[in-house]
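Note sheet for the following structure.
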Amino acid sequence: MKYFTNQHPYNTLDAYLKSKFNSKVFKISLNGGFTCPNRDGTKGRGGCIFCSESGSGDFAGNPEENLKTQFQTIKKRMHKKWNEGKYIVYFQANSNTYGELETIKNLYEEAISLDKDIVVLAIATRCDCISDEVIEYLGELNKTIPVWVELGLQTIHPKSMKFLNLGYTLEDFETAVKRLRSKNIEVIAHIINGLPFETYEMMLETAKHLNTLDIQGLKIHSLFILKNTILGKYYESKGFKVLEMDEYVKVTAEQIAHLKQDIIIHRVNGDAPATDLIEPQWSRKKFVVMNEIDKYLRNNNLYQGIYLENKKLDL
Ligand code: SF4
(Lines give C-alpha, C1' and ligand atoms only; values in the text may rest on other atoms or scores of the structure.)
Protein backbone atom coordinates (compact mmCIF):
# COMPACT_ATOMS: atom_id res chain seq x y z
CA MET A 1 0.00 0.00 0.00
CA LYS A 2 1.20 3.49 -0.83
CA TYR A 3 0.88 6.50 1.45
CA PHE A 4 1.65 9.23 -1.07
CA THR A 5 -0.19 12.54 -0.89
CA ASN A 6 -0.73 15.27 -3.47
CA GLN A 7 2.03 17.24 -1.84
CA HIS A 8 4.51 14.47 -1.10
CA PRO A 9 5.12 11.79 -3.75
CA TYR A 10 6.43 9.35 -1.18
CA ASN A 11 5.13 7.48 1.89
CA THR A 12 4.94 10.03 4.67
CA LEU A 13 4.68 8.96 8.27
CA ASP A 14 1.70 11.24 8.77
CA ALA A 15 -0.31 9.63 5.96
CA TYR A 16 0.68 6.14 7.16
CA LEU A 17 -0.40 6.86 10.73
CA LYS A 18 -3.66 8.48 9.64
CA SER A 19 -4.52 5.44 7.58
CA LYS A 20 -3.49 2.97 10.29
CA PHE A 21 -5.09 4.72 13.28
CA ASN A 22 -7.71 6.88 11.59
CA SER A 23 -6.50 9.89 13.55
CA LYS A 24 -3.72 12.42 13.89
CA VAL A 25 -0.94 10.72 15.88
CA PHE A 26 1.62 12.68 17.91
CA LYS A 27 5.02 11.52 18.90
CA ILE A 28 5.84 12.20 22.54
CA SER A 29 9.58 11.94 23.18
CA LEU A 30 10.43 10.66 26.62
CA ASN A 31 13.71 10.45 28.42
CA GLY A 32 14.03 7.23 30.42
CA GLY A 33 17.45 8.20 31.80
CA PHE A 34 19.31 5.64 29.67
CA THR A 35 22.97 6.11 28.85
CA CYS A 36 25.09 4.92 25.94
CA PRO A 37 27.62 2.06 25.67
CA ASN A 38 29.60 4.04 23.11
CA ARG A 39 30.52 6.50 25.84
CA ASP A 40 31.18 4.40 28.94
CA GLY A 41 33.72 2.05 27.35
CA THR A 42 31.38 -0.96 26.90
CA LYS A 43 31.37 -0.46 23.12
CA GLY A 44 33.58 2.59 22.83
CA ARG A 45 34.56 5.91 24.34
CA GLY A 46 33.77 9.46 23.33
CA GLY A 47 30.54 8.55 21.56
CA CYS A 48 29.70 9.06 17.88
CA ILE A 49 31.56 12.21 16.90
CA PHE A 50 28.42 14.14 15.96
CA CYS A 51 26.66 13.41 19.25
CA SER A 52 26.68 16.13 21.91
CA GLU A 53 28.38 15.48 25.23
CA SER A 54 24.99 15.26 26.90
CA GLY A 55 24.08 12.45 24.48
CA SER A 56 21.35 12.27 21.85
CA GLY A 57 17.78 13.29 22.61
CA ASP A 58 17.86 17.06 22.70
CA PHE A 59 14.10 17.16 22.16
CA ALA A 60 13.08 14.44 24.59
CA GLY A 61 11.42 15.14 27.92
CA ASN A 62 13.34 16.33 30.95
CA PRO A 63 15.10 13.33 32.56
CA GLU A 64 14.78 15.01 35.97
CA GLU A 65 11.01 14.52 35.71
CA ASN A 66 9.16 11.22 35.90
CA LEU A 67 7.65 9.77 32.72
CA LYS A 68 4.14 10.88 33.64
CA THR A 69 5.15 14.53 34.02
CA GLN A 70 7.22 14.41 30.83
CA PHE A 71 4.27 12.92 28.96
CA GLN A 72 1.72 15.41 30.33
CA THR A 73 3.96 18.43 29.61
CA ILE A 74 4.55 17.46 25.99
CA LYS A 75 0.95 16.35 25.45
CA LYS A 76 -0.29 19.75 26.65
CA ARG A 77 2.09 21.52 24.29
CA MET A 78 0.91 19.39 21.36
CA HIS A 79 -2.74 20.07 22.07
CA LYS A 80 -2.20 23.81 21.79
CA LYS A 81 -1.83 23.11 18.07
CA TRP A 82 -4.21 20.17 17.51
CA ASN A 83 -7.36 19.35 19.43
CA GLU A 84 -7.44 15.62 19.11
CA GLY A 85 -5.06 12.82 18.49
CA LYS A 86 -3.46 9.59 19.56
CA TYR A 87 0.11 9.14 20.76
CA ILE A 88 3.34 7.35 20.12
CA VAL A 89 5.49 7.17 23.22
CA TYR A 90 9.02 7.45 21.99
CA PHE A 91 12.10 6.67 24.05
CA GLN A 92 14.46 8.92 22.18
CA ALA A 93 17.44 9.89 24.29
CA ASN A 94 20.59 7.75 24.12
CA SER A 95 20.41 3.92 23.84
CA ASN A 96 17.04 2.86 25.17
CA THR A 97 17.73 -0.87 25.41
CA TYR A 98 20.92 -0.37 27.39
CA GLY A 99 20.11 -1.63 30.88
CA GLU A 100 18.73 -4.45 32.97
CA LEU A 101 15.67 -6.16 31.55
CA GLU A 102 13.67 -5.35 34.67
CA THR A 103 14.41 -1.61 34.41
CA ILE A 104 13.60 -1.62 30.71
CA LYS A 105 10.32 -3.48 31.30
CA ASN A 106 9.23 -1.12 34.07
CA LEU A 107 9.90 1.97 31.97
CA TYR A 108 8.22 0.71 28.81
CA GLU A 109 5.21 -0.60 30.65
CA GLU A 110 4.80 2.59 32.62
CA ALA A 111 5.06 4.59 29.38
CA ILE A 112 2.41 2.64 27.47
CA SER A 113 0.00 2.89 30.37
CA LEU A 114 0.19 6.69 30.60
CA ASP A 115 -2.80 7.26 28.35
CA LYS A 116 -5.50 5.11 26.79
CA ASP A 117 -4.77 6.70 23.41
CA ILE A 118 -1.18 5.51 23.17
CA VAL A 119 -0.99 3.40 20.01
CA VAL A 120 2.72 2.72 19.49
CA LEU A 121 5.81 2.27 21.62
CA ALA A 122 8.90 3.52 19.74
CA ILE A 123 12.41 2.87 21.00
CA ALA A 124 15.63 4.36 19.65
CA THR A 125 18.74 2.32 20.24
CA ARG A 126 22.02 1.00 18.87
CA CYS A 127 22.06 -2.12 16.72
CA ASP A 128 24.73 -3.72 18.92
CA CYS A 129 22.88 -3.10 22.15
CA ILE A 130 19.79 -5.33 22.15
CA SER A 131 20.19 -8.50 24.18
CA ASP A 132 18.36 -11.72 23.34
CA GLU A 133 16.17 -11.35 26.44
CA VAL A 134 15.19 -7.81 25.39
CA ILE A 135 14.35 -9.03 21.88
CA GLU A 136 12.21 -11.83 23.37
CA TYR A 137 10.44 -9.35 25.62
CA LEU A 138 9.85 -6.85 22.80
CA GLY A 139 8.43 -9.66 20.71
CA GLU A 140 5.88 -10.43 23.44
CA LEU A 141 5.07 -6.75 23.98
CA ASN A 142 4.60 -6.31 20.24
CA LYS A 143 1.64 -8.68 20.46
CA THR A 144 -0.18 -6.18 22.69
CA ILE A 145 0.93 -2.84 21.19
CA PRO A 146 2.97 -2.13 18.04
CA VAL A 147 6.63 -1.78 18.98
CA TRP A 148 8.95 0.14 16.67
CA VAL A 149 12.69 0.02 17.06
CA GLU A 150 14.78 2.81 15.55
CA LEU A 151 18.36 1.96 14.71
CA GLY A 152 21.06 4.37 13.63
CA LEU A 153 22.84 3.17 10.52
CA GLN A 154 24.00 6.59 9.22
CA THR A 155 25.99 5.14 6.30
CA ILE A 156 27.00 1.80 4.82
CA HIS A 157 30.58 2.92 4.14
CA PRO A 158 33.11 1.40 6.57
CA LYS A 159 35.55 4.33 6.30
CA SER A 160 32.83 6.80 7.29
CA MET A 161 31.60 4.51 10.08
CA LYS A 162 35.10 4.45 11.51
CA PHE A 163 35.57 8.20 11.14
CA LEU A 164 32.29 8.76 12.97
CA ASN A 165 33.35 6.39 15.79
CA LEU A 166 30.01 4.59 15.56
CA GLY A 167 31.46 1.44 17.10
CA TYR A 168 29.24 -0.91 15.07
CA THR A 169 29.44 -2.32 11.57
CA LEU A 170 26.99 -2.76 8.73
CA GLU A 171 26.93 -6.45 9.63
CA ASP A 172 25.91 -5.61 13.22
CA PHE A 173 23.11 -3.49 11.81
CA GLU A 174 21.89 -6.19 9.45
CA THR A 175 21.96 -8.81 12.20
CA ALA A 176 19.88 -6.59 14.49
CA VAL A 177 17.32 -6.03 11.71
CA LYS A 178 16.97 -9.78 11.21
CA ARG A 179 16.62 -10.48 14.94
CA LEU A 180 13.94 -7.81 15.36
CA ARG A 181 12.07 -8.89 12.26
CA SER A 182 12.02 -12.48 13.53
CA LYS A 183 9.71 -11.08 16.24
CA ASN A 184 7.74 -9.03 13.74
CA ILE A 185 8.94 -5.73 15.18
CA GLU A 186 8.96 -2.73 12.81
CA VAL A 187 12.45 -1.40 12.23
CA ILE A 188 13.20 2.20 11.33
CA ALA A 189 16.70 3.03 10.09
CA HIS A 190 18.42 6.41 10.35
CA ILE A 191 20.81 7.69 7.72
CA ILE A 192 22.77 10.93 7.47
CA ASN A 193 23.53 12.85 4.29
CA GLY A 194 26.53 15.13 4.07
CA LEU A 195 29.01 13.08 6.08
CA PRO A 196 32.59 14.34 5.71
CA PHE A 197 34.25 13.03 2.55
CA GLU A 198 31.16 11.16 1.28
CA THR A 199 30.28 11.73 -2.36
CA TYR A 200 26.82 11.98 -3.89
CA GLU A 201 27.21 8.41 -5.23
CA MET A 202 28.14 7.08 -1.78
CA MET A 203 25.00 8.59 -0.26
CA LEU A 204 22.88 7.03 -3.01
CA GLU A 205 24.55 3.67 -2.37
CA THR A 206 23.53 3.85 1.29
CA ALA A 207 19.90 4.43 0.33
CA LYS A 208 19.95 1.70 -2.33
CA HIS A 209 21.39 -0.78 0.13
CA LEU A 210 18.37 -0.26 2.39
CA ASN A 211 16.24 -1.88 -0.31
CA THR A 212 18.01 -5.16 0.42
CA LEU A 213 16.99 -5.06 4.10
CA ASP A 214 13.69 -5.83 5.77
CA ILE A 215 13.17 -2.36 7.22
CA GLN A 216 9.78 -0.67 7.45
CA GLY A 217 10.78 2.94 8.00
CA LEU A 218 13.53 5.43 7.31
CA LYS A 219 14.63 8.73 8.79
CA ILE A 220 16.92 10.82 6.62
CA HIS A 221 18.68 13.89 7.90
CA SER A 222 21.58 16.13 7.15
CA LEU A 223 24.72 15.99 9.17
CA PHE A 224 24.47 18.51 12.00
CA ILE A 225 27.72 20.03 13.15
CA LEU A 226 27.08 21.00 16.75
CA LYS A 227 29.05 22.91 19.33
CA ASN A 228 30.46 20.73 22.11
CA THR A 229 30.96 17.74 19.86
CA ILE A 230 34.10 16.11 18.54
CA LEU A 231 32.82 16.80 15.04
CA GLY A 232 32.30 20.49 15.86
CA LYS A 233 35.89 20.78 17.05
CA TYR A 234 37.17 18.90 13.99
CA TYR A 235 35.20 21.19 11.69
CA GLU A 236 36.48 24.32 13.34
CA SER A 237 40.11 23.21 13.26
CA LYS A 238 40.31 21.35 9.93
CA GLY A 239 37.06 22.09 8.09
CA PHE A 240 35.36 19.95 5.46
CA LYS A 241 32.75 20.48 2.81
CA VAL A 242 29.24 20.94 4.14
CA LEU A 243 26.33 20.28 1.79
CA GLU A 244 24.51 23.32 0.43
CA MET A 245 20.74 23.14 0.68
CA ASP A 246 20.27 22.41 -3.03
CA GLU A 247 22.78 19.54 -2.82
CA TYR A 248 20.96 18.08 0.18
CA VAL A 249 17.62 18.44 -1.59
CA LYS A 250 18.91 16.71 -4.70
CA VAL A 251 20.54 13.75 -2.97
CA THR A 252 17.60 13.21 -0.60
CA ALA A 253 15.02 13.37 -3.40
CA GLU A 254 17.09 10.95 -5.51
CA GLN A 255 17.40 8.58 -2.55
CA ILE A 256 13.62 8.63 -2.16
CA ALA A 257 13.19 7.86 -5.85
CA HIS A 258 15.48 4.83 -5.41
CA LEU A 259 13.72 3.44 -2.33
CA LYS A 260 11.24 0.59 -2.52
CA GLN A 261 7.65 1.63 -1.99
CA ASP A 262 6.99 -0.35 1.16
CA ILE A 263 9.29 1.84 3.24
CA ILE A 264 7.62 4.63 5.22
CA ILE A 265 9.71 7.78 5.21
CA HIS A 266 9.50 9.15 8.72
CA ARG A 267 11.62 12.24 8.06
CA VAL A 268 13.41 13.93 5.22
CA ASN A 269 15.32 16.31 7.44
CA GLY A 270 15.97 16.61 11.14
CA ASP A 271 15.87 19.15 13.94
CA ALA A 272 19.07 20.40 15.46
CA PRO A 273 19.14 22.39 18.68
CA ALA A 274 19.34 25.93 17.22
CA THR A 275 21.72 27.40 19.77
CA ASP A 276 24.26 24.61 19.26
CA LEU A 277 24.12 24.41 15.49
CA ILE A 278 27.33 25.46 13.71
CA GLU A 279 26.38 24.18 10.24
CA PRO A 280 24.39 23.78 8.06
CA GLN A 281 22.42 26.89 8.94
CA TRP A 282 19.92 26.26 6.15
CA SER A 283 18.75 23.13 8.02
CA ARG A 284 16.91 25.42 10.42
CA LYS A 285 14.36 26.10 7.67
CA LYS A 286 12.84 22.68 8.05
CA PHE A 287 9.69 23.30 6.02
CA VAL A 288 11.57 25.06 3.22
CA VAL A 289 13.83 22.02 2.89
CA MET A 290 10.81 19.69 2.83
CA ASN A 291 9.07 21.80 0.20
CA GLU A 292 12.19 21.94 -1.94
CA ILE A 293 12.43 18.14 -1.86
CA ASP A 294 8.81 17.90 -3.02
CA LYS A 295 9.51 20.47 -5.73
CA TYR A 296 12.59 18.59 -6.95
CA LEU A 297 10.62 15.35 -7.14
CA ARG A 298 7.75 16.98 -9.01
CA ASN A 299 9.96 18.96 -11.42
CA ASN A 300 11.82 15.79 -12.33
CA ASN A 301 8.71 13.58 -12.49
CA LEU A 302 10.03 11.43 -9.67
CA TYR A 303 8.34 9.57 -6.84
CA GLN A 304 9.36 6.95 -4.31
CA GLY A 305 10.34 3.74 -6.06
CA ILE A 306 10.28 5.04 -9.63
CA TYR A 307 13.79 3.83 -10.45
CA LEU A 308 12.95 0.32 -9.28
CA GLU A 309 9.81 0.34 -11.43
CA ASN A 310 11.80 1.51 -14.44
CA LYS A 311 14.33 -1.24 -13.86
CA LYS A 312 11.54 -3.82 -13.86
CA LEU A 313 10.24 -2.39 -17.12
CA ASP A 314 13.80 -2.44 -18.40
CA LEU A 315 13.68 1.24 -19.38
S1 SF4 B 1 24.99 5.71 19.89
FE2 SF4 B 1 23.55 7.43 20.00
S3 SF4 B 1 23.69 8.22 22.09
FE4 SF4 B 1 25.47 6.89 21.74
S5 SF4 B 1 27.09 8.29 21.13
FE6 SF4 B 1 26.13 7.50 19.24
S7 SF4 B 1 24.54 8.99 18.75
FE8 SF4 B 1 25.16 9.39 20.87
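The values are calculated or read from the model by the stated rules, or taken from the named source; none is laboratory data. Everything quoted here is computed from the prediction, not taken from an experiment. Positions of Cβ are generated from backbone atoms using ideal geometry, with glycine treated the same way; all protein chains shown enter the neighbour counts. Remember, those area values only see protein heavy atoms, side chains included, never the ligands or the DNA or RNA. Shrake-Rupley method; radii C 1.70, N 1.55, O 1.52, S 1.80 Å.
Need one word for segment 230-315: rounded, prolate or oblate. Basis is the Cα gyration tensor (sqrt eigenvalues a ≥ b ≥ c); a/c below 1.5 gives rounded, then a/b vs b/c decides.
Prolate, since a/c reaches 1.5 and a/b exceeds b/c.
Under 15 Å from a label point 7 Å along Cα→Cβ of LYS241: give me every residue in segment 193-216 with its amide N that close.
193-204
Treating only the Cβ atoms of Lys and Arg (+1) and Asp and Glu (-1) as charged, compute the dipole magnitude of the chain about its Cα centre; round to the nearest 20 debye.
Value, rounded to 20: 780 debye.
List the chymotrypsin sites (Phe, Trp or Tyr not before Pro) within segment 189-259 that DSSP assigns to loop and that have no more than 12 neighbouring Cβ atoms inside 10 Å.
Those that pass, being in a loop and sparsely packed, are PHE197.
Computed FRET efficiency, Cβ-Cβ of SER182 and LYS260, R0 22 Å: what is it to the nearest 0.05?
After rounding to 0.05, the efficiency reads 0.60.
Quick one: Kirkwood hydrodynamic radius for segment 67-189, alpha-carbon pairs, angstrom, one decimal?
One decimal place: 15.5 Å for the Kirkwood radius.
Just want the answer: with Cβ charges of +1 for Lys and Arg and -1 for Asp and Glu, which residue in ILE145, LEU101, ILE156 is farthest toward the dipole's positive end in segment 48-170?
Of ILE145, LEU101, ILE156, it is ILE156.
What residues from segment 276-315 fall in the zone where the backbone N is under 15 Å from a label point 7 Å along the Cα-to-C-beta line of TYR200?
Only 296-297, 300 fall inside the zone, counting backbone N under 15 Å.
With the other protein chains left in place, how much accessible area per residue, in square angstrom, belongs to segment 1-153 at a 1.4 angstrom probe?
Each residue of segment 1-153 exposes 47 Å² on average to a 1.4 Å probe.
How large, in percent, is the carbon and sulfur part of the accessible surface of the chain at a probe radius of 1.4 Å?
Roughly 50 percent, rounded to a whole number.
Using Cα centres only, tell me the gap between segment 98-173 and segment 245-305 in whole Å.
25
I need the P(r) histogram for segment 179-270: all alpha carbon pairs, bin width 5 Å from 0 out to the longest distance, whole percents.
In order of increasing distance, the bins hold 3, 13, 23, 21, 16, 12, 8, 4, 1, 0 percent.
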